[in-house]
Structure formats: C-alpha cells, structure tokens
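Undergrad: Following this message is one structure expressed as structure tokens.
The values are calculated or read from the model by the stated rules, or taken from the named source; none is laboratory data. No experiment lies behind these values; they were computed from the predicted model shown. Neighbour counts run over all protein chains shown; Cβ positions are idealised from the backbone, glycine included. Heads up: the accessible areas ignore ligands, DNA and RNA and are worked out on the full protein's heavy atoms, side chains in. Shrake-Rupley method; radii C 1.70, N 1.55, O 1.52, S 1.80 Å.
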Amino acid sequence: HILNLTPDNYNDIPPYHAGFKHMRDITIPKIKELLLKNKNIEGFFIAEGDLLINDNYNFDKFLNENHKEPIWLGYKKKQKDYIVGNFLLYFPKHSFKQLENEFLKQKKLIYSDRFFTKLFKKGFLKLKNESIAKEIEHWSNVINAIRKQ
C-alpha cells in the first residue's frame, strides 16, 4: 500500500517545519487509518519524496534483515549529536502507537530530522550503521536552492 499524495498549503510556516507538520497532522492519521483497515500490514515506511535507495540495496535485503524495531535506514550523515536527513525510516506495526504519541507530544514545530534524532536518542528508533539511501538532486524550499546529490 502506498498512501496517496496529499499536498499541503503551508504558506504560513517556514519550509523547514513543513515536513514535521505534514507528518504529524496528515501522514500519521492516514497511516493510522490504513493500519486499522488492513490487519495484514506488518509495518510501514516513512520516506521523503526525494529518496534514492542505493543500487546495492533491495527489498530482499530488507526482508532478510528482519527488523523488529523502528529503524532509520536512509539518512545523509550522523553527526556527534544530530542525524541529518530523514530520507527513509521503517516502523513495525507494533510501534505505531508510540510513534503517534511522540508526534502528538511534540506541539512545537521542529525540523523533522531533529524530531527523529530525539527518538533515536531516546532509544525508540535505531540507526542503520550505514545509510542505504541518499537524495536525488532537487529544488529545496528549505535552502531556497538546488540540493545536489
């Protein structure tokens, strides 16, 4: 299942907060509805639209890794106290309620990768040793320029 695109019109907030707001207010409720309707879903991905999965990684590799806990699979880089880029995350179905609660507790708008970094630091979200993805070259409203690969 892939959720239908749901464009937003967040003209009144900074672009760097739009990703978090969209996930909290639009995507998480849509995932909840999908999980309630389809009991066979075992987990779900949250992926940025500019995601490019590395050529040497495929769905068979993902299945063989048998992830039982939420994991951050695709990111730009891990810094000392911050993980940059939330390109691809996986959440087993059993973790949804806690994820939803974390989103609801976060009232102040923040960068989405800052939000997921907090979940990593709490131990809720694991980090794959090496990112399996990067971003395609694209226009970024956050930096107001082209983001190179």
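Undergrad: Cβ contacts < 9 Å: first residue more than 14 Å from Ile83 (Cα to Cα) and charged (D, E, K, R), restricted to segment 128-141; second residue at pLDDT 70 or above and in a loop (DSSP other than H, G, I, E, B), any location; separation 6+ or different chain. Result?
TA: Glu135/Glu48; Glu135/Asp50; Glu135/Lys76; Glu135/Gly85; Glu135/Phe87; Glu137/Asp50; Glu137/Lys148
Undergrad: Next question, about the same structure. Take segment 65-94 and flag every residue that is closer than 16 Å to Lys126 by Cβ, without any contact (Cβ under 8 Å) to a residue 60 or more places away in the chain and among the aliphatic types (A, V, I, L, M).
TA: Ile71, Ile83, Leu88, Leu89
Undergrad: Is there a residue in segment 61-70 that is under 14 Å from the mean Cα position of the chain (by Cα) and crowded, with 17+ Cβ neighbours inside 10 Å? Write out each step before concluding.
TA: Restricting attention to segment 61-70, the residues satisfying the condition of being under 14 Å from the mean Cα position of the chain (by Cα) are 70.
From the residues that got through so far, the ones that are crowded, with 17+ Cβ neighbours inside 10 Å too are 70.
Checking segment 61-70: at least one residue is under 14 Å from the mean Cα position of the chain (by Cα) and crowded, with 17+ Cβ neighbours inside 10 Å.
Undergrad: Something else about it: Let me confirm something: among Lys107, Lys97, which residue is without any contact (Cβ under 8 Å) to a residue 12 or more places away in the chain, farther than 24 Å from Phe59 by Cβ and part of a loop (DSSP other than H, G, I, E, B)?
TA: Values: Lys97 fails: part of a loop (DSSP other than H, G, I, E, B).
One residue alone meets the criteria, Lys107.
Undergrad: For segment 1-39, name all the residues that are open to solvent by 50 Å² or more (accessible area, probe 1.4 Å), in a helix (DSSP H, G or I) and closer than 26 Å to Val84 by Cα.
TA: Pro15, Tyr16, Asp25, Pro29, Lys30
Undergrad: Something else: State whether one or more residues within segment 40-60 are more than 17 Å from Thr27 (Cα to Cα), buried (at least 19 other Cβ atoms within 10 Å of the Cβ) and not hydroxyl-bearing (Ser, Thr, Tyr).
TA: No, every residue in segment 40-60 fails to be more than 17 Å from Thr27 (Cα to Cα), buried (at least 19 other Cβ atoms within 10 Å of the Cβ) and not hydroxyl-bearing (Ser, Thr, Tyr).
Undergrad: Does Glu130 qualify as being of a type in the set (Asp, Glu), more than 21 Å from Ile31 (Cα to Cα), open to solvent by 20 Å² or more (accessible area, probe 1.4 Å) and not in a helix (DSSP H, G or I)? Reasoning before the result, please.
TA: On the way: of a type in the set (Asp, Glu): yes; more than 21 Å from Ile31 (Cα to Cα): yes; open to solvent by 20 Å² or more (accessible area, probe 1.4 Å): yes; not in a helix (DSSP H, G or I): yes.
Yes; evaluated as a whole, the condition is true for this residue.
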